[in-house]
Amino acid sequence: MSSLPIRDKEKDHLLTAENALLIVIDYQPPQVNSIGSMDRQTLVNNICGTVEAAKLYGMPIVVSSVNVATGLNKPIIPQLQKRLEGITPIDRTGVNAWEDKEFVEAVRATGRKKLIIAALWTEVCLAFPALDALKEGFEVYVPVDAVGGTSVVAHDAAIRRMEQAGAVSISTAQLFCELQRDWSRTETVTGFIKLYIETGGNAGIQFSNDTAEKK
């Protein structure tokens with residue numbers, strides 16, 4: 001069995017670490033604690049896994065928080081802070097990150113046109129910059145199980161609005177596989193399996209069992 005040669009990672013129509021950017025917005029205690037669209041622990045696991053995937057494959061990450069400097073909000077949750085070590089969040093006062101000069105400059109400076117945007121809440125701090133980015137010609141991908149809204153209805157309505165504008169919904173598992181793509185890329189296989197184990201779910205349980213049996 002032979003895999004075809006690796007496609008041009010910058011020109012690939014699928015997501016690669018060379019053509020995409022991960023954007024993480026407002027994973028702060030008040031926002032996380034007010035999520036009503038999914039289990040909050042699962043949400044935290046999945047956004048942590050999404051960040052770890054970007055790091056594993058070498059994808060650039062832009063992070064933003066809101067109202068930390070003003071004292072009106074708390075910093076990013078500790079679970080994410082330790083995974084984002086070395087990346088300084090761009091703090092803002094506006095709910096729409098795309099209306100913040102430093103944020104937009106940081107995104108454009110990467111030169112990436114495929115934006116994987118994860119933010120809280122889905123209906124506000126995700127939807128607004130996603131719609132603006134789409135309007136400017138960027139491609140937007142939303143990891144739907146790593147984001148959340150104040151209710152199921154609010155989350156679903158926001159996802160529909162973004163999709164109608166051209167955004168693409170993905171899952172964290174799909175993102176992991178899209179970046180790995182081939183088991184023969186052995187340099188990242190161990191990290192790839194670890195992503196599933198640490199995020200949990202049925203696949204994580206199976207990989208964890210398989211790993212334990214090999215010891």
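The values are calculated or read from the model by the stated rules, or taken from the named source; none is laboratory data. None of these values were measured; they are calculated from a predicted model. FYI the Cβ positions are ideal-geometry reconstructions off the backbone, even for glycines, and counts take in every protein chain you see. We work out accessible area using only protein heavy atoms, side chains counted, and drop any ligands, DNA or RNA first. Shrake-Rupley method; radii C 1.70, N 1.55, O 1.52, S 1.80 Å.
Which lysines does LYS74 reach when only Cα atoms under 24 Å apart count, and residues fewer than 8 places away in its own chain are ignored?
Output for LYS74: LYS82, LYS101.
Roll a 1.4 Å probe over the protein chains and send me the accessible area per residue for the chain in Å². Write down the numbers at each step before the final one.
On the way: 10790 Å² over 215 residues.
It amounts to 50 Å² per residue over the chain.
Of VAL153, VAL95, VAL107, which has the largest mean-square fluctuation in a 10 Å C-alpha GNM of the chain?
Evaluated over the chain, the most mobile residue of the options is VAL153.
Say the dipole of region 63-143 comes from +1 at the beta carbon of Lys and Arg and -1 at that of Asp and Glu; which of ALA69, CYS125, LEU84 then lies farthest toward its positive end?
Of the listed residues, the answer is LEU84.
At 1.4 Å probe size, put ARG160, ARG92 in order of accessible surface, largest to smallest.
Working: ARG160 130, ARG92 5 Å².
The ranking, largest first, comes out as ARG160, ARG92.
Please give the solvent-accessible surface of LYS74 in Å², to the nearest 10, using a probe radius of 1.4 Å with every protein chain present.
Result for LYS74: roughly 120 Å² accessible.
Give me the dipole magnitude in Debye, nearest 20, for the chain about the Cα centre, with unit charges on the beta carbon: positive for Lys and Arg, negative for Asp and Glu.
Working: 22 positive and 26 negative charges, 47 e Å.
Dipole of the chain, to the nearest 20 debye: 220 debye.
Take the solvent-accessible surface of the protein heavy atoms, probe 1.4 Å, and return the percent of it on region 124-207 that carbon and sulfur atoms account for.
Numbers: 2190 of 3930 Å².
Result for region 124-207: 56 percent of the exposed heavy-atom area is carbon or sulfur.
Hey, which aspartates and glutamates would be in cross-link range of LYS194, C-alpha to C-alpha under 14 Å, not counting anything within fewer than 8 residues on its own chain?
GLU52, ASP210
May I ask for the angle, rounded to the nearest 10°, between helix 189-199 and the longest principal axis of the chain, with both axes built from Cα atoms and the value confined to 0 to 90°?
50
Quick check: the distance between the Cα centres of region 103-137 and region 1-70, to the nearest angstrom?
That distance is 12 Å.
Could I have the simple spin-label model distance between MET1 and GLN79, label points 7 Å from Cα toward Cβ, reported in nm to one decimal?
In this crude label model, MET1 to GLN79 measures out at 3.4 nm.
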